[in-house]
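Working notes, structure below.
Only the coordinates and a few stated rules stand behind these numbers; no lab work does. Because the structure is a prediction, the values reported are computed rather than measured. Note that each Cβ is placed from the backbone with ideal geometry, even for glycine, and that neighbours are counted across all protein chains shown.
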Amino acid sequence: WHTSLSFQDKLTNDQILSIAKDWMKGMGLDATQYIVVRHNDTAHPHVHIVANRIGDTTKTISDSNNWKRSEALCKELIKTYGLTPVPEHRNEAAISRDKLRGRDLLK
């Protein structure tokens, strides 16, 4: 499983990690191996989360409707943590094109 969470607010590593852990729990991915990596290669901080979909109980963790579930969960986390929502449309000027690679560069 791979996803990223983006933030508009200035947050500490501990705050971002807490939000990421709450996201993992809300998505049912808290009982498996995962890694959270913070990036600062864009104008806004973000984390990438990579998780094993085989849980600690050796059962596969469902990815059914994951986009919809994640979207609802993110809205909940925005309220819980008092975060500024990321705009619906990307600010093209904020993208560091010189840092893009591979397919991301083609987009």
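Go through the range 1-96 and name the GluC sites (Glu not before Pro) that are in a DSSP coil and have 16 or fewer other Cβ atoms within 10 Å of their Cβ.
88
Each label point is 7 Å from the Cα along the Cα-to-Cβ direction; what then is the distance between the points at residue 66 and residue 38, in nm?
Inter-label distance under the simple model: 2.5 nm.
Quote the relative contact order of the range 14-76 in percent (integer), defining contacts as alpha-carbon pairs under 8 Å separated by 6+ residues.
It comes to 31 percent, rounded to a whole number.
In nm, what is the difference between 0.36 nm times the number of residues separating residue 53 and residue 11 and their Cα-Cα distance?
Stretched out fully, the residue 53 to residue 11 stretch lengthens by 12.3 nm.
Under a point-charge model restricted to the Cβ atoms of Lys and Arg (+1) and Asp and Glu (-1), what is the dipole moment magnitude of the chain relative to its Cα centre, in debye to the nearest 20? Walk me through the intermediate numbers first.
Details: 16 positive and 13 negative charges, 43 e Å.
Result for the chain is approximately 200 debye, rounded to the nearest 20.
With a sphere of radius 15 Å drawn around the Cβ of residue 82, what net charge do the other residues whose Cβ falls strictly inside it have (Lys, Arg +1; Asp, Glu -1)?
On the way: positive: 10, 75, 79; negative: 9, 22, 76.
Summing Lys/Arg as +1 and Asp/Glu as -1 gives 0.
Return a whole-number percent for the relative contact order of the chain, with Cα pairs under 8 Å and 6 or more residues apart as the contact set.
After rounding, I find 32 percent.
Any lysines with Cα under 22 Å of the residue 79 Cα? List them, leaving off those in the same chain fewer than 8 positions away.
10, 21, 25, 68
Distance in nm between label sites at residue 97 and residue 81, each 7 Å beyond Cα in the beta-carbon direction?
Taking the simple label geometry, residue 97 and residue 81 are separated by 3.1 nm.
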